[in-house]
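Below: the structure, in structure tokens.
Read the figures in this text as sums done on the coordinates, not as results from a lab. Note that this is a predicted model, so its numbers are computed, not measured. Because the Cβ atoms are built from the backbone with ideal geometry, glycine has one as well, and the counts that use them run over all protein chains shown.
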Amino acid sequence: MAHNQDTRDAARRLYIEGLPLSGAALRSGVAYDTARDWKSKAKAKGDDWDTARAAYRISEQGVDDLNQQLVEDFARQVITTTRELEAAQIAAADKAQLLAQLADAYAKFSKAFTRVNPAYSGLSVALDTLKTLADYLSAHDKAALKALQPHLEEVGAILGKRYG
């Protein structure tokens, strides 16, 4: 089914204003795959919806609010990935390794972000401590790391409230 330009524009606008692509698609009355295809084709033509979204956030929220949103978005992705790892049908050792890599990526993101926004330094230290713990358990006690995995989301929320 072909969609008119108004429908495409609506999906783009909703995404840029902050809805996830799936939500923008739903509100526009199109399939997620269709919206994803429109976004991809637009980028190939020089219309990067993500760049427009970032610019919109800066103009609407200011840099401090945008920085907070970036941290929250990344943390949300880490939590989602952790949940997917928990449900994945892969060997425990592989899960532990992937979890350690995820903790490393989160720590690196936090460290880099702290350089541009020192207000997050407490969170950075807390996350680095969590990464160190995950690395240690990965090397010395994989069963303990597996036991810790279901609690990481709660620990992340506590750290976010305390330092974020």
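Please go through the residue pairs 108/161; 43/131; 131/161; 111/142; 45/111 and name each one whose alpha carbons sit more than 24 Å apart in this structure. Where the Cα-Cα span goes over 24 Å, the pairs concerned are 43/131; 111/142; 45/111. Within the straight-line cut-off of under 13 Å between alpha carbons, the aspartates and glutamates reachable from residue 146 are 86, 94, 135, sequence neighbours fewer than 8 places apart in one chain being disregarded.
Listed values for region 29-40 are Karplus-derived 3J(HN,Hα) couplings in whole Hz (6.51 cos²θ - 1.76 cosθ + 1.60, θ = phi - 60°), namely x, 10, 6, 4, 4, 5, 5, 4, 5, 4, 4, 5, and x replaces Gly and Pro.
Computed extension gain for residue 74 through residue 112, at 0.36 nm per residue and net of the alpha carbon distance, reaches 12.4 nm. Computed log10 I(q)/I(0) for region 5-53 at 0.26, 0.30 Å⁻¹: -0.92, -1.21, from the Debye equation with unit scatterers placed on every C-alpha and solvent omitted. The peptide list 30-36, 81-87, put in order of mean Cβ contacts within 10 Å with the highest first, becomes 30-36, 81-87.
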